[in-house]
Amino acid sequence: MLRGRLYDGGLTTLLARLQAAVADDYSVACEIGRGGMATVYLGDDLKLERRVAIKLLHPQLATGLGVERFLREIKTAAGLTHPHIVPLFDSGESGGLLFYVMPYIEGETLRGLLTREGSLPIEDAVRIACEVLEALGYAHAHGVVHRDIKPENIIFSAGRALVTDFGIARAVTAASLEPLTIDGAVGTPAYMSPEQVSQSLQLDGRSDIYSLGCTLYEMLTGSVPFTGPTAQAVMARQLLDVVPPIRSVRPAVPHALEQAVLTALSISARASPKRSSTPSPICPACASPRVRRRSRSAGRASISPRSARSSKSGRCWWGACAGRATGCESAPSS
Ligand SMILES: Nc1ncnc2c1ncn2[C@@H]1O[C@H](COP(=O)(O)OP(=O)(O)O)[C@@H](O)[C@H]1O
Ligand SMILES: [Mg+2]
């Protein structure tokens with residue numbers, strides 16, 4: 001049974017337009033979510049008889065984009081195949097609407113989980129970060145930078161973290177007919193890297209590592225490193241401020257883990273080969289029973305549907321980001 005909500009008259013009109021635009025290929029049931037760039041609808045692929053999520057770019061955004069360029073750019077993302085990446089099935093333009101189609105993921109987003117739980121058990125936070133890092137390592141090796149890593153774009157399916165919206169931010173930026181202003185910049189201020197804030201043209205995978213650092217920081221402490229009254233204030237802090245220590249909020253976080261998160265959040269990609277984007281180095285601390293014991297003793301019941309052991313425990317976020325510099329090999333201390 002399709003589930004979701006129908007909205008008021010104005011939005012139903014948009015739904016009706018989408019229904020008409022894709023009627024040959026998809027049925028569209030209802031809105032299931034909305035973000036800064038798009039509205040997401042639940043639908044069915046009529047030919048393949050599978051449930052899909054159809055993401056419709058906000059019409060006011062779509063009118064500022066070169067359609068062909070957008071659809072060409074988005075194809076890069078369609079080539080990504082990885083167990084921690086939500087694939088792209090289809091994309092198109094019809095009746096003045098720009099949309100793309102992906103599998104419908106039934107699980108909740110990391111945002112939903114954080115809203116419910118505040119912070120997460122350390123081992124769950126690390127496992128989720130490791131899974132996202134695997135997806136990033138793969139995408140970066142294929143020349144795709146996500147540019148909008150944040151809890152809303154991490155969805156759980158059968159206990160695994162899946163990254164969604166790969167390539168979308170890049171496609172919107174590249175297809176934009178006007179240079180994007182700070183206000184119109186693609187990305188989410190609380191997770192934007194300093195080089196993204198300063199609108200560097202040459203973003204590379206290290207920018208995603210910074211955003212993942214913000215996400216892991218939030219999973220561990222319940223709050224992003226930098227908040228502020230306006231988007232501009234948050235972005236200014238990303239450029240200028242010192243990251244508040246994690247262990248003053250949560251002493252159970254191992255020192256090595258804190259150091260690795262701080263390395264991921266180092267102000268400058270220039271300073272960082274340290275902010276590496278590949279997940280290859282192995283960190284024994286990830287699988288350390290001591291870390292697992294510690295996180296259990298941190299007093300939270302695990303909400304992970306999947307045990308830490310079933311993750312690729314050698315593939316460690318902080319090993320990747322900080323390597324030997326953090327002294328990862330040594331047992332963490334609280
Ligand atoms: N493939 C999907 N399957 C199920 N729900 C989705 C899917 N993609 C997005 N959503 C839901 O739609 C919401 C809005 O998505 P989006 O437009 O990408 O904005 P944002 O990422 O900023 O939340 C998400 O937060 C999520 O709840
Ligand atoms: Mg999204």
Consider Glu49 against the criteria (1) modelled with pLDDT of 90 or more; (2) surrounded by 15 or more Cβ atoms within 10 Å (Cβ to Cβ): it satisfies all of them except one. Which criterion is unmet? (2)
Return the pairs, sorted by first residue and then second, in which the second residue is among the small types (Gly, Ala, Ser) and assigned to a strand (DSSP E or B), the first residue lies in region 32-44 and is more than 8 Å from ligand 1 (Cβ to nearest atom), the beta carbons are less than 8 Å apart, and the residues are 6+ apart or on different chains. Tyr41/Ala29; Tyr41/Ala53; Gly43/Ser27; Gly43/Ala29; Gly43/Ala53; Asp44/Ser27; Asp44/Ala29
Just one listed residue, out of Arg111, Arg116, is within 13 Å of Thr215 (Cα to Cα) and among the basic types (Lys, Arg), and it is Arg111
Of (1) within 15 Å of ligand 2 (Cβ to nearest atom); (2) surrounded by 20 or more Cβ atoms within 10 Å (Cβ to Cβ); (3) not aromatic (Phe, Trp, Tyr), Leu136 satisfies every one except (1)
Name the residue that is farthest from the chain's Cα centre (by Cα), counting only residues in region 211-223 that are crowded, with 24+ Cβ neighbours inside 10 Å and not hydrophobic (A, V, I, L, M, F, W, C). Tyr217
Breaking point among (1) more than 16 Å from the chain's Cα centre (by Cα); (2) closer than 20 Å to Cys214 by Cβ; (3) within 16 Å of ligand 2 (Cβ to nearest atom), for Val101: (2)
Exception for Gly35 within (1) assigned by TED's automatic domain parsing to the domain that holds Gly187; (2) of a type outside the set (S, T, N, Q); (3) within 18 Å of the chain's Cα centre (by Cα) falls at (1)
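Does Val67 qualify as being away from ligand 2 (no atom under 15 Å from the Cβ), among the hydrophobic types (A, V, I, L, M, F, W, C) and surrounded by fewer than 16 Cβ atoms within 10 Å (Cβ to Cβ)?
In short, yes.
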Every listed condition ((1) of a type in the set (Gly, Ala, Ser); (2) at pLDDT 95 or above; (3) within 16 Å of ligand 2 (Cβ to nearest atom)) holds for Ala77 save (2)
Based on this model, can you work out whether Ala21 counts as modelled with pLDDT of 90 or more, farther than 19 Å from Asp90 by Cβ and away from ligand 1 (no atom under 13 Å from the Cβ)? no
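When region 146-179 is examined, which residues are found to be in a helix (DSSP H, G or I), within 19 Å of Asp204 (Cβ to Cβ) and either touching a strand residue (DSSP E or B) at 6+ places or on another chain (Cβ under 7 Å) or near ligand 1 (Cβ under 9 Å from one of its atoms) (or both)?
Asn153, Ile168, Val172 - these are the residues of region 146-179 that are in a helix (DSSP H, G or I), within 19 Å of Asp204 (Cβ to Cβ) and either touching a strand residue (DSSP E or B) at 6+ places or on another chain (Cβ under 7 Å) or near ligand 1 (Cβ under 9 Å from one of its atoms) (or both).
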Got at least one residue in region 106-115 being crowded, with 19+ Cβ neighbours inside 10 Å, in contact (Cβ under 8 Å) with a residue 12 or more places away in the chain and in contact with a Phe, Trp or Tyr (Cβ under 6 Å, 6 or more places away or on another chain)? no
Could you check Pro121 against (1) over 19 Å from Leu212 (Cβ atoms); (2) in contact (Cβ under 8 Å) with a residue 40 or more places away in the chain and say which number it fails? (1)
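The values are calculated or read from the model by the stated rules, or taken from the named source; none is laboratory data. Quick caveat, the model's predicted, so the values are computed rather than measured. We place every Cβ from the backbone using ideal geometry, glycine too, and count neighbours over all the protein chains shown.
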